[in-house]
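Have a look at the structure below before the remarks.
The values are calculated or read from the model by the stated rules, or taken from the named source; none is laboratory data. For clarity, every value in this text was computed on a predicted model and none was experimentally measured. In this analysis, Cβ positions are derived from the backbone assuming ideal geometry, glycine residues included, and neighbour counts consider all displayed protein chains.
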Amino acid sequence: MKCVSKVVPVVVLNDEADAKRQLSALAEHLPVAEITFRTGYAEDGIKYCAKNFPNICVGAGTVINAEQAERAVRAGARFIVSPGLSEKVAAVCKRAGVDYLPGCVTPMEIEAALELDITTVKFFPAQVYGGLKAIKALSAPFPQVRFVPTGGVDEANLAEYLACDRIAFVGGSWMMKGDTAENCKRLNTLLRTL
Ligand code: 3PG
């Protein structure tokens, strides 16, 4: 999967007013958003983002079946993220020509991803599954794999994660909580120093 930013914000949108507020704040400082299928507004949120914020590379997150993947692609998602690995979602993404980032935390799951020619995987929930220590251990048998730790990543451990060359980028929702505009601005400033 192509890396458009060292951090991919995980964004939960509830309705159009929420989308306008959150995406406006994000767009000023960050070039990418993963809009999750955790709400019924996800599909419309992706459409809204693609239409109104063309500078944001919009993707869909928490995609757990082929039907959601089809809807996300039709709505304009340019990449798809799953908490686990779904061969059916992978097939939809391949057909549509969009990047697929599946969640893999065990050697067996990573091997399944490699069999699908996927070499960048989400590592979720990162802090629970051993964080950087686990990623470094998994990198020994899988040097071709790049990881995207998500789940428990925040400003405090971001630099440590990004310093590891096995990490493609990180995902997280921390910057979308509280004062989103201020958080995204601070993150943008921090990323320039890393
Ligand atoms: C995800 O959907 O990828 C995670 O919920 C993000 O994890 P975080 O909320 O701990 O950043």
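See the values below:
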quantity	calculated
Entirely in region 38-118, the helices (runs of 4 or more DSSP H) that have 2 or more residues that are over 26 Å from I135 (Cα atoms)	42-52, 66-75, 87-96
Residue in region 106-121 that is crowded, with 20+ Cβ neighbours inside 10 Å and either of a type in the set (K, R) or without any contact (Cβ under 8 Å) to a residue 24 or more places away in the chain (or both) present	no
Given (1) on the phi > 0 side of the Ramachandran plot; (2) more than 17 Å from the chain's Cα centre (by Cα), number of the condition G152 does not satisfy	(2)
Filter result for A90 (within 16 Å of the chain's Cα centre (by Cα), of a type in the set (A, V, I, L, M, F, W, C), more than 28 Å from R21 (Cα to Cα) and crowded, with 16+ Cβ neighbours inside 10 Å)	yes
Hits in region 49-76 - residues which are surrounded by fewer than 24 Cβ atoms within 10 Å (Cβ to Cβ), in contact with a strand residue (DSSP E or B) (Cβ under 9 Å, 6 or more places away or on another chain) and of a type outside the set (S, T, N, Q)	A50, F53, I56, C57, R71, V73, A75, G76
Selected residue (criterion: farthest from V153 (Cα to Cα)) from residues of region 7-45 that are away from the ligand (no atom under 15 Å from the Cβ) and crowded, with 21+ Cβ neighbours inside 10 Å	A19
Contacts under 8 angstrom Cβ, first residue in region 25-51 being polar (S, T, N, Q), partner at pLDDT 95 or above and more than 15 Å from the ligand (Cβ to nearest atom), 6 or more apart	T39/N14
Test set (1) under 19 Å from the mean Cα position of the chain (by Cα); (2) more than 27 Å from A72 (Cβ to Cβ); (3) not β-branched (V, I, T) - Y129 fails condition number	(2)
Single residue of region 119-132 satisfying the filter (in a loop (DSSP other than H, G, I, E, B) and of a type outside the set (V, I, T)) that is farthest from V63 (Cα to Cα)	G130
Subset of region 140-194 [part of a loop (DSSP other than H, G, I, E, B), surrounded by 12 or more Cβ atoms within 10 Å (Cβ to Cβ) and within 16 Å of the ligand (Cβ to nearest atom)]	G151, G152, V153, D154, E155, N157, A168, F169, S173
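The rows are residues; the columns are (1) charged (D, E, K, R); (2) over 25 Å from L30 (Cβ atoms).
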position	(1), (2)
Y48	no, no
P54	no, no
G61	no, no
A66	no, yes
A72	no, no
R78	yes, no
V81	no, no
L85	no, yes
C93	no, no
